[in-house]
1. Once you place label points 7 Å from the Cα toward the Cβ at LYS100 and ASP34, how far apart are they in nm?
2. As a quick test, which of the pairs LYS30/LYS112; LYS30/LYS51; LYS83/LYS112 have an alpha carbon distance above 31 angstrom in this structure?
3. Quickly work out the ASP49-to-ARG74 label distance, labels modelled 7 Å from Cα along the C-beta direction, and quote it in nm with one decimal.
4. With all pairs of different alpha carbon atoms counted, what Kirkwood hydrodynamic radius in Å does the stretch 43-104 show?
5. Along the Cα→Cβ direction, 7 angstrom out, place labels at LEU25 and ILE41. What is the inter-label distance in nm?
6. Dipole of the stretch 37-138 (Lys/Arg Cβ +1, Asp/Glu Cβ -1, origin at the Cα centre): which of LEU42, ILE125, ILE62 lies farthest to the positive side?
7. Quick query: amide H of GLU80 versus all other amide H atoms, modeled in the peptide plane; which residues come in under 5 Å with a sequence gap of 5 or more or a different chain?
8. In whole Hz, what ³J(HN,Hα) sequence does the stretch 41-50 give by Karplus (6.51, -1.76, 1.60; θ = phi - 60°), x for Gly and Pro?
Amino acid sequence: MKKIIMALTFGISTMVSSIGLSYQLDLEWKALKDINIKTEILDTGISPDEKILFILSRGELIVYSIGEGRTINRIPLEQEFVKLNYLPKINALVLSTASKKDLRIIMLEFIKNFDLAELPYQGPINAPVTIVVFNDYQ
């Protein structure tokens, strides 16, 4: 409903400005979530699916799951990076220093872990690689 009202407001205000009348636009907003990182935030980025928030702070990169409402990983950084950019096509983060002379590209690969404890298996239980076949699920 709010989108329709805003679209109508924009249409009316465009029409009003075209005939030389002045107008005032209002903006409705609400905070969705407050997150306390407990450290200075230098820059942020978000994944294309908008589920993961990347937070650059002094000495670390924090990976925060918006849906779970918690930090899922912390990547230590030995250099003082101050800017973060996300490259969605290659799923990577680019970090740069204040002097803009040093860059670091961090490739991201999210790994899903499955609890296979109660499921049937073939081969050694402590094998270094597990191949899971979902062939009987619909």
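1. 3.6
2. Too far apart for the 31 Å limit: LYS30/LYS112.
3. Those two pseudo-labels are separated by 2.6 nm.
4. 11.9
5. Between LEU25 and ILE41, the label points sit 2.5 nm apart.
6. Highest projection toward the positive end goes to LEU42.
7. none
8. Once θ is set to phi - 60°, the couplings for the stretch 41-50 become 9, 9, 6, 9, x, 9, 5, x, 7, 6 Hz.
Each value in this text was obtained by applying a stated rule to the coordinates, not by laboratory testing. Predicted model only: the values in this text are computed from it and were never measured. Note that we place each Cβ from the backbone using ideal geometry, even for glycine, and neighbour counts take in every protein chain shown.
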